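A.B. asks: Would you mind keeping the following structure in view while I ask a few things?
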Amino acid sequence: MSKSYTVKKGDTLSAISVRQYGLAAKWVQIKNSNPQLIGRKTAIDGSPLIFPGDILIIPYDEMPTEKVGKTLPESTVPVVLDDSAAQDITILIDGKAFTGFSGYTIQMSVDSFDAFSFTAPFDSSIKDYRKAFKPFAYKQCSVYYDKKLLFNGTLLTPNPEVEPDSKTVTLQGYPSCGCINDCHLPETKYPPEYNGMKLSDIAKDVCSPFGFAVVIDGDEGAAFEKVEYSPGDTLFNFLKKLAEQRGLIITNKPNGDLLFWQPKKEKVCATIEEGEEPFVSCKPSFDSQMFFSHITGFSKVENEDDASHYTYENKLLTKAGVLRPFSFVADDATSTDLQNAVEAKAGRMFASAASYELKVLGHKTPKGEMWRKNMAVSLYAPDAMIYRETTFLVDNVTIQRSDSDGNITTLKLVLPGARDGSLPEEYPWEE
């Protein structure tokens, strides 16, 4: 999360840093967010020279979590976009709240960033609409459901649609840290040198120009001996590759910060049975080409004599006499953490090869709690080849409302071992 500043006469990067952060030395943080300063002459302290009229991006210095409102203030009076629509979703933009969306989709995922898409009538004559919904403004926003914060984020370019009988606008966005899904390392961070650094230190350095915090919830393991960043890689893909070798996955915290975590086992929050409410439908997805009998990881080394490898055995296939080997090179893994990298790859294999799309009525569990990622759900659906009551992990939640279907939640379910490191020994399609 950042803001802009127009340089005035007498300003220096060090002086601006003192005003923004309380320390002159943090001018480096400002420089890293402004690649246009590359190549300029420098002041005595090494900071690039700046001139009146220059526009600088000033990154926030890791916004504290406690300053993020977890609920929408009761005094908030929102602008209602559609009087006939439910007012359960509210988005706060530039201090102005908007509600009454005729349709919406909110996605919350264990191993990627949350996202939203809201649709409502659009009237270009209303100044509040023109000010809040601007193309390429990347405004900061907060998304609430029933006045409870889902996440702080960035509003992407709104899309108006004009038809003979309607005028609508669709608002889309993702969390504050979602920009690393699109962006690459700025020139100010070259050459990238991350050898011998831990995951948390690499991530903080990579993300520092963008102004959000990095949180590690799990064991990040040892420092990486050698780390390579390709200029063509998005920052998300770069960090995801490193996280996978430490058994961690990436998502966002509600306040918009970047989270590396290892999902923990939870108690079953709901038991769903085919044919009984809130069950609507269940569609399994089996990808036989993504299922392997053995997964072997090799460490990348310069000397072949130092090479090491580790193999995971998928006993579901080996017991059936099926050979389907898969191998890969763990670029940044040493022999000591190679096993973690391989087992993490095996977990992702199970998630990719076998998942279930479960649709249920409403947006809350039978106990009244809003559906969220990483919940544990017990499901019995024999016509979807779930022949025994099986506990699944909610890998992805999609909350939707439309005129045709009403309030529907779609849950992507995977076997718990796909995320928590305990690889499965039993399968729902086995009796």
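The values are calculated or read from the model by the stated rules, or taken from the named source; none is laboratory data. Everything quoted here is computed from the prediction, not taken from an experiment. So basically every Cβ, Gly included, is an ideal-geometry build from the backbone, and we count neighbours across all protein chains shown. In case anyone asks, the SASA skips ligands and DNA or RNA and just uses the protein heavy atoms, side chains included. Shrake-Rupley method; radii C 1.70, N 1.55, O 1.52, S 1.80 Å.
A.B. asks: How far apart, in nm, are two points set 7 Å out from the Cα along the Cα-to-Cβ line at residue 222 and at residue 316?
C.D. replies: Result for the modelled spin labels: 3.3 nm.
A.B. asks: Points 7 angstrom from Cα along the Cβ direction at residue 38 and residue 404: gap in nanometres?
C.D. replies: Distance between the two pseudo-spin positions: 4.8 nm.
A.B. asks: Using a 1.4 Å probe, what is the accessible area per residue for segment 81-210, in Å²?
C.D. replies: Values: 5810 Å² over 130 residues.
Here the per-residue accessible area is 45 Å².
A.B. asks: Can you compute the FRET efficiency between residue 87 and residue 352 using 1/(1 + (r/R0)^6), with r the Cβ-Cβ distance and R0 = 30 Å? Round to the nearest 0.05.
C.D. replies: Numbers: r = 38 Å, r/R0 = 1.28.
That pair, residue 87 with residue 352, gives E of 0.20.
A.B. asks: Next question, about the same structure. With a ≥ b ≥ c the root eigenvalues of the C-alpha gyration tensor of segment 348-425, is it rounded (a/c under 1.5), prolate (a/b larger than b/c) or oblate? Intermediate values should be presented prior to the final figure.
C.D. replies: Details: a/c = 1.93, a/b = 1.70, b/c = 1.14.
Prolate, since a/c reaches 1.5 and a/b exceeds b/c.
A.B. asks: Quick one: with all protein chains in place, what share of the accessible area of the chain is carbon or sulfur, to the nearest percent (1.4 Å probe)?
C.D. replies: 50
A.B. asks: Right, here's the next one. Divide by every residue of the chain the summed helix terms, -39500 (n - 2.57) for each DSSP H run of at least 4, and state the resulting mean residue ellipticity at 222 nm, rounded to the nearest 500 deg cm²/dmol. Show your work: numbers first, answer last.
C.D. replies: On the way: 8 runs with 64 residues, N = 431.
Counting only the DSSP helices, I get -4000 deg cm²/dmol.
A.B. asks: How much net charge surrounds residue 132 when only other residues with a Cβ under 15 Å from its Cβ are counted (Lys, Arg +1; Asp, Glu -1)?
C.D. replies: Numbers: positive: 96, 127, 130, 131, 134, 139; negative: 94, 123, 128.
Counting the neighbours of residue 132, the net charge comes to +3.
A.B. asks: On the Cα set of segment 151-237, report Rg and Dmax in Å, please.
C.D. replies: 18.0, 62
A.B. asks: Sort segment 1-56 into rounded, prolate or oblate with this rule: let a ≥ b ≥ c be the square roots of the eigenvalues of the Cα gyration tensor; rounded if a/c is under 1.5, and if a/c is not under 1.5, prolate when a/b is larger than b/c, oblate otherwise.
C.D. replies: Values: a/c = 1.20, a/b = 1.08, b/c = 1.11.
Judged from the Cα gyration tensor, segment 1-56 comes out rounded (a/c under 1.5).
A.B. asks: When Rg is the radius of gyration of the Cα atoms in the chain and Rh is its Kirkwood radius, what does Rg/Rh come to? Intermediate results must be reported in sequence, preceding the final value.
C.D. replies: Details: Rg = 24.4 Å, Rh = 24.2 Å.
Using only Cα positions, Rg/Rh for the chain is 1.01.
A.B. asks: Does segment 167-305 come out rounded, prolate or oblate, given a ≥ b ≥ c as the square roots of the eigenvalues of its C-alpha gyration tensor, rounded meaning a/c under 1.5 and, failing that, prolate meaning a/b above b/c?
C.D. replies: Numbers: a/c = 2.00, a/b = 1.35, b/c = 1.48.
Judged from the Cα gyration tensor, segment 167-305 comes out oblate (a/c at least 1.5, b/c at or above a/b).
A.B. asks: How would 75, 166 line up by accessible area, probe 1.4 Å, largest first?
C.D. replies: Details: 75 100, 166 50 Å².
In descending accessible area the options line up as 75, 166.
A.B. asks: Here is a further query. Regarding segment 226-294, what are the three Cα extents along the principal axes, ordered largest first, in Å?
C.D. replies: 52, 38, 22
A.B. asks: Would you mind checking 26/373; 148/345; 253/364; 147/345; 3/147 for any pair whose Cα atoms are more than 32 angstrom apart?
C.D. replies: On the way: 26/373 37 Å; 148/345 35 Å; 253/364 20 Å; 147/345 38 Å; 3/147 26 Å.
Violating the 32 Å Cα-Cα cut-off are 26/373; 148/345; 147/345.
A.B. asks: Quickly work out the residue 269-to-residue 388 label distance, labels modelled 7 Å from Cα along the C-beta direction, and quote it in nm with one decimal.
C.D. replies: 2.6
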